[in-house]
Amino acid sequence: MYRTVQIICTTWYIEVPMRQQDSETVDRLVQRCLAAFVAAGTLDLSLDQLATHVGTSKRMLIHYFGSRESLEEKAVTLLEDRLRERFAPGQFPPGTALETVVSALWDSSTAPESRGVLLLIMDVSRRGWNGSDRARAFYREQQRLWNDMLRQFLPDADAVSELLQLFQGAILAYLVTGDREQGRRALLRMLQRKKAPG
């Protein structure tokens, strides 16, 4: 009988809609957790570290999210939303030169304030390499966003794929070396070759 009551109570608790105040608290906590993950450049923070950075307790994080996995899911979803806004197809006006678009994307991606975001994206991607379906979905969505944006300025799908692969490789080299100019030069050389006849 106790088990039946416990299951009913647990199910009832999950199905009750959150109060507005709780929902706002969760939204604020997700934003703070994402900021902590970005500052660390990884999702691999302990709940204690995360709670300290966010300004709450581990117990309250579990209270509001139910599990670490749920917390990470909400933070990654918020990261996706922010990246979707940042790399929306309409970010650049029609007719903008491809070199201008690529240079602006490079500058934005390699700005010092973007380093934590880049490291976090790499961390999520690493989870994809290790078999995480959620991380693979995140990676596919980022590829789609970049493809959609770049196709406005470079109609050839194969050329967009090649440019995107070079951009990602240049980002990895930048993260390792700290040299922004090496990647910029490689990207601009590729674009010059694409323009050259023959």
Going by the conditions given, is residue 116 of a type in the set (Gly, Ala, Ser), part of a helix (DSSP H, G or I) and under 21 Å from residue 82 (Cα atoms)? yes
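So, in segment 148-174, how many residues would count as being more than 21 Å from residue 118 (Cα to Cα) and either without any contact (Cβ under 8 Å) to a residue 12 or more places away in the chain or open to solvent by 20 Å² or more (accessible area, probe 1.4 Å) (or both)? Reasoning before the result, please.
Going residue by residue through segment 148-174, those that are more than 21 Å from residue 118 (Cα to Cα) are 151-159.
Filter again for either without any contact (Cβ under 8 Å) to a residue 12 or more places away in the chain or open to solvent by 20 Å² or more (accessible area, probe 1.4 Å) (or both), leaving 151-158.
Number of matching residues: 8.
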Please state which of the following conditions residue 126 fails to meet, knowing it meets all the rest: (1) outside any helix (DSSP H, G or I); (2) surrounded by fewer than 18 Cβ atoms within 10 Å (Cβ to Cβ). (1)
Of the residues 131, 95, 169, which is more than 24 Å from residue 35 (Cα to Cα), under 19 Å from the mean Cα position of the chain (by Cα) and not in a helix (DSSP H, G or I)? 131
Starting from residues that are within 12 Å of the chain's Cα centre (by Cα) and hydrophobic (A, V, I, L, M, F, W, C), keep the ones in segment 49-92 and report whichever is surrounded by the most Cβ atoms within 10 Å (Cβ to Cβ). 75
Number of the exception - residue 100 against (1) part of a helix (DSSP H, G or I); (2) among the polar types (S, T, N, Q); (3) at pLDDT 90 or above; (4) open to solvent by less than 50 Å² (accessible area, probe 1.4 Å): (4)
Residues to consider are 39, 111; find the one that is open to solvent by 40 Å² or more (accessible area, probe 1.4 Å), under 30 Å from residue 164 (Cβ atoms) and either more than 13 Å from the chain's Cα centre (by Cα) or touching a residue at least 24 places away in the same chain (Cβ under 8 Å) (or both). 39
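Residue-by-condition table, conditions (1) more than 30 Å from residue 115 (Cβ to Cβ); (2) at pLDDT 90 or above; (3) part of a helix (DSSP H, G or I):
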| position | (1), (2), (3) |
| --- | --- |
| 6 | yes, no, yes |
| 31 | no, yes, yes |
| 42 | no, yes, no |
| 48 | no, yes, yes |
| 71 | no, yes, yes |
Please give the number of the condition residue 145 fails out of (1) open to solvent by 40 Å² or more (accessible area, probe 1.4 Å); (2) in a helix (DSSP H, G or I). (1)
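The values are calculated or read from the model by the stated rules, or taken from the named source; none is laboratory data. These numbers come from a predicted model, not from an experiment. As a convention, Cβ positions derive from the backbone with ideal geometry for all residues, glycine included, and neighbour counts pool all protein chains shown. Ligands, DNA and RNA are excluded from the accessible area calculation, which covers all protein heavy atoms including side chains. Shrake-Rupley method; radii C 1.70, N 1.55, O 1.52, S 1.80 Å.
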